[in-house]
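A.B. asks: Can you keep this structure in mind? I'll have questions shortly.
The values are calculated or read from the model by the stated rules, or taken from the named source; none is laboratory data. Every value quoted in this text rests on a predicted model; they were computed, and no experiment measured them. Glycine also receives a Cβ, built like all others from the backbone with ideal geometry; neighbour counts cover every protein chain displayed. Surface accessibility is based on the protein's heavy atoms, side chains included, excluding ligands, DNA and RNA. Shrake-Rupley method; radii C 1.70, N 1.55, O 1.52, S 1.80 Å.
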Amino acid sequence: MSSTLIESLNALSQKVRMQKGGILTEEATKNAFVMPFLNNVLGYDVFDPDEVVPEFIADVGLKRGEKVDYAIKHGGSVQILIEVKKSSVPLDLEHASQLYRYFAVTNARIAILTNGQVYKFYTDLDQPNRMDSKPFLVLDLLEVDEVAVPELAKLTRSNFDLDSVIGAAEELKYVGQIKREIAAQFKEPTDDWVKFFTGRVYEGSFTQRVREQFKPLVVKAATQFLNDQASSRLKSALGDSSISAVAPSPVPSDVAAVEEPLDTDADLPVIVTTDEELEAFAVVKAIACAVVKPARIVSRDAKSYFAILLDDNNRKSIARLHFNGKNQKYLGVFNVDGIETKFPVRSADEIYDHADRIRARVEALAG
């Protein structure tokens, strides 16, 4: 897989993350997000009408002059049709009827519906020359599924392989739908889902009271399971099997906002970096990698805290680990003004609860 494709996706992901709030129209979505996707990610020249045709017209029956936003040509014929909605609008095929009609009267086998952030890819698995109602692939630039990247590479100008994409589409379609259903259940489980797991750990009848008791437990167990899996992958990547995760526990909700100077004891020989600090650093680094490259996240252990910095610059503090106390440990996260707020934590796993704050800080520093 080309590193250029991954770098282009990361760059566009950052752009969408930073600018989405200010992109309010369909035209702005096209210019800010979709054209860079076609040009920089897929590699098509958006200014060459032999490659990318904007406002593509293909009269359908009595429908005359209807347009689809873009048509991508490869080998001299239209291969991909693209319909764009403004970035603030959820994607709904009911408002993209042109894709259905154009799909049937052109050579295109791939249709894309997008709002600049999410790209839904369709083909004709159910009936020949009739676009499916459900996508076989979904790409969210703010949460890129690693499975989507190699399939996306097959649609780029330099590696276009339509047969391979169509051949893998059916499996991708159903696996993707199952994954999205699992994700939805983890977030907001249905009664059937709660009953399924409750029946395997509870011997009594599944009454309304039992349902209300176990629903939050199922959500909590699912969250901890995902965090455990992420932590396990981090440990494998670090090659350190000696670190043992501590099960997360409830913590007080109160926080204290303080601004502290840089620790001047950073070079003292009494500093000891613990396995727990290294595990917590790995978690912060994994969170920050959604915004910047891993090599830019570095650590400096000091006498009173463990500092996590961007670009090894003490003026770019991301977070601090205050793990030297005898009882309570704290994660310190900086805001855009450089003010540190301390949050009580019991284990490295609980740092994931503050992922949004960490990413926001890294975005502010990297921007």
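A.B. asks: Might you let me know whether the stretch 200-208 holds any residue that is of a type outside the set (Lys, Arg), assigned to a helix (DSSP H, G or I) and farther than 30 Å from residue 134 by Cα?
C.D. replies: yes
A.B. asks: Does the stretch 1-20 hold any residues that are assigned to a loop (DSSP other than H, G, I, E, B) and either loosely packed, with under 13 Cβ neighbours inside 10 Å or touching a Leu at 6+ places or on another chain (Cβ under 8 Å) (or both), and which are they?
C.D. replies: Selection gives 1 alone.
A.B. asks: Which of the residues belonging to the stretch 95-136 are in contact with a Pro (Cβ under 9 Å, 6 or more places away or on another chain) and of a type in the set (D, E, K, R)?
C.D. replies: 120, the sole residue that qualifies.
A.B. asks: Provide a single number: the residues in the stretch 42-51 that are touching a helix residue (DSSP H, G or I) at 6+ places or on another chain (Cβ under 6 Å) and aliphatic (A, V, I, L, M).
C.D. replies: 1
A.B. asks: Are any residues in the stretch 56-73 open to solvent by 50 Å² or more (accessible area, probe 1.4 Å) and either at pLDDT 90 or above or over 25 Å from residue 139 (Cβ atoms) (or both), and if so, which ones?
C.D. replies: 57, 59, 61, 62, 63, 64, 73
A.B. asks: Would a scan of the stretch 183-191 turn up a residue that is open to solvent by 100 Å² or more (accessible area, probe 1.4 Å), modelled with pLDDT of 85 or more and not in a loop (DSSP other than H, G, I, E, B)?
C.D. replies: No, the stretch 183-191 has no match at all.
A.B. asks: Residues that are open to solvent by less than 10 Å² (accessible area, probe 1.4 Å), farther than 24 Å from residue 11 by Cβ and among the β-branched types (Val, Ile, Thr): find the strands (runs of 3 or more DSSP E) completely inside the stretch 261-367 holding 1 or more of those.
C.D. replies: Fully inside the stretch 261-367 and qualifying: 329-334, 340-345.
A.B. asks: Something else now. How many residues, within the stretch 21-46, are open to solvent by less than 70 Å² (accessible area, probe 1.4 Å), touching a residue at least 24 places away in the same chain (Cβ under 8 Å) and part of a helix (DSSP H, G or I)?
C.D. replies: 11
A.B. asks: Considering 165, 219, 201, 175, which residue is touching a residue at least 40 places away in the same chain (Cβ under 8 Å) and of a type in the set (Val, Ile, Thr)?
C.D. replies: Testing whether each residue is touching a residue at least 40 places away in the same chain (Cβ under 8 Å) and of a type in the set (Val, Ile, Thr) leaves just 165.
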